[in-house]
Amino acid sequence: MIPLLVFTSDKYLPALRPFAYLFNRYWSAAQTVTVVGFAEPEFELPSNFQFHSLGDVRHYPINHWSNAVMDYLEVRTDISHFIFMLEDYWVTRPVNISAIKMLYDYALQFRNVLKIDTGTDRLYAGGMKDYNHCGYLDLVLSDYNSPYHMSLMAGIFNKELLLRFMLRNESPWDLEIYGTSRLATARDEVLVLGTRNFPLRHTLAHRGGDIGKTNTSELDPFDVDALTHLGYLPY
């Protein structure tokens, strides 16, 4: 089973219910999901979801967000690679699970790959070029000078390389911006890849981190109705 980690915080816990519903609908209820957060949610998550608390959220203000990620990853000695997601990365279409597995195996083989983007983030980044292939999947190479080369959009990450370019006391936006500059120093030594096939389609439910605005424009209307009927929307 591929380790799949979803990071959240107390403020964004309500987004977990739509996340879980859409994940199990479009990915698989057989895939184990580890949610890493702080306060336990007051609602029940599906049986394939497990919640890991890092303690009091007050110890991890948003400008120290990277501390929470690093504190968790540094003790997970049982994993070398994992899929990274946030609680508002809501899956919008059926996931090509076999393609995800192929990319995961590719990342295990080529240890100089920090990330394989599973969506379209690196595909549409400036300076992108065709790189290689993984089975029937066409790989693209992210230019180290491109904006958000250290993007946190959903992808398969090499834990060791990610920790190498992370710093403590950074927000997620700091990591994407300043981490891009740090990662650029490695140039062609450490790679960030994507695919032309993007096996995972997800929306960003809260643009700019605004919990007060929920973007459902990319969801199937059926899903919006179902989530509303379940009481998951609006929060």
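In region 191-233, the qualifying residues are those that are of a type in the set (Gly, Ala, Ser) and part of a loop (DSSP other than H, G, I, E, B), and the one that is nearest to Val91 (Cα to Cα) is Ala205.
Reported count of residues in region 58-73, each being among the aliphatic types (A, V, I, L, M) and either crowded, with 18+ Cβ neighbours inside 10 Å or in contact with a strand residue (DSSP E or B) (Cβ under 8 Å, 6 or more places away or on another chain) (or both), is 3. Of Asn145, Asn48, all but one fail to be farther than 18 Å from Gly194 by Cα, in contact (Cβ under 8 Å) with a residue 24 or more places away in the chain, surrounded by fewer than 20 Cβ atoms within 10 Å (Cβ to Cβ) and not charged (D, E, K, R); the exception is Asn48. Pairs are defined by a Cβ separation below 7 Å, a sequence spacing of at least 6 or placement on different chains, a first member in region 69-81 that is over 22 Å from Ser9 (Cα atoms), and a second member that is in a loop (DSSP other than H, G, I, E, B) and not acidic (Asp, Glu); the pairs so defined are Ile79/Pro3. Of the strands (runs of 3 or more DSSP E) lying entirely inside region 94-172, those containing at least 3 residues that are more than 25 Å from Ser66 (Cα to Cα) and modelled with pLDDT of 95 or more are 129-134, 137-141. Looking at region 96-119, can you tell me whether even one residue there is touching an Asp or Glu at 6+ places or on another chain (Cβ under 6 Å) and polar (S, T, N, Q)? Among the residues of region 96-119, not one is touching an Asp or Glu at 6+ places or on another chain (Cβ under 6 Å) and polar (S, T, N, Q), which makes the answer no. The residues of region 64-91 that are outside any strand (DSSP E or B) and among the β-branched types (Val, Ile, Thr), listed by number, are Val69, Val75, Thr77, Ile79. Residues that are surrounded by fewer than 20 Cβ atoms within 10 Å (Cβ to Cβ) and either among the small types (Gly, Ala, Ser) or modelled with pLDDT under 95 (or both) within region 182-197 comprise Ala184, Ala186, Arg187, Asp188, listed in sequence order. The set of residues in region 207-224 that are touching a residue at least 40 places away in the same chain (Cβ under 8 Å) and in contact with a helix residue (DSSP H, G or I) (Cβ under 7 Å, 6 or more places away or on another chain) comprises Ile211, Asp223.
Residue check: is Gly179 crowded, with 19+ Cβ neighbours inside 10 Å, small (Gly, Ala, Ser) and in contact with a Lys or Arg (Cβ under 7 Å, 6 or more places away or on another chain)? For Gly179, the condition - crowded, with 19+ Cβ neighbours inside 10 Å, small (Gly, Ala, Ser) and in contact with a Lys or Arg (Cβ under 7 Å, 6 or more places away or on another chain) - is not met.
Specify the residue that is farthest from the chain's Cα centre (by Cα); the eligible residues are those in region 22-63 that are in a helix (DSSP H, G or I) and closer than 16 Å to Leu4 by Cβ. Restricting to residues being in a helix (DSSP H, G or I) and closer than 16 Å to Leu4 by Cβ, the top hit is Arg25. If you go through region 91-133 and keep only what is closer than 22 Å to Ala30 by Cβ, basic (Lys, Arg) and buried (at least 19 other Cβ atoms within 10 Å of the Cβ), you end up with nothing. Based on what the data block shows, is Asp188 over 28 Å from Leu233 (Cβ atoms), among the acidic types (Asp, Glu) and assigned to a helix (DSSP H, G or I)? Criteria met by Asp188. Restricting Thr77, Thr118 to those that are touching a Pro at 6+ places or on another chain (Cβ under 8 Å) and polar (S, T, N, Q) reduces the list to Thr118.
The values are calculated or read from the model by the stated rules, or taken from the named source; none is laboratory data. Small disclaimer: the values here were computed from a predicted structure and weren't measured. Positions of Cβ are generated from backbone atoms using ideal geometry, with glycine treated the same way; all protein chains shown enter the neighbour counts.
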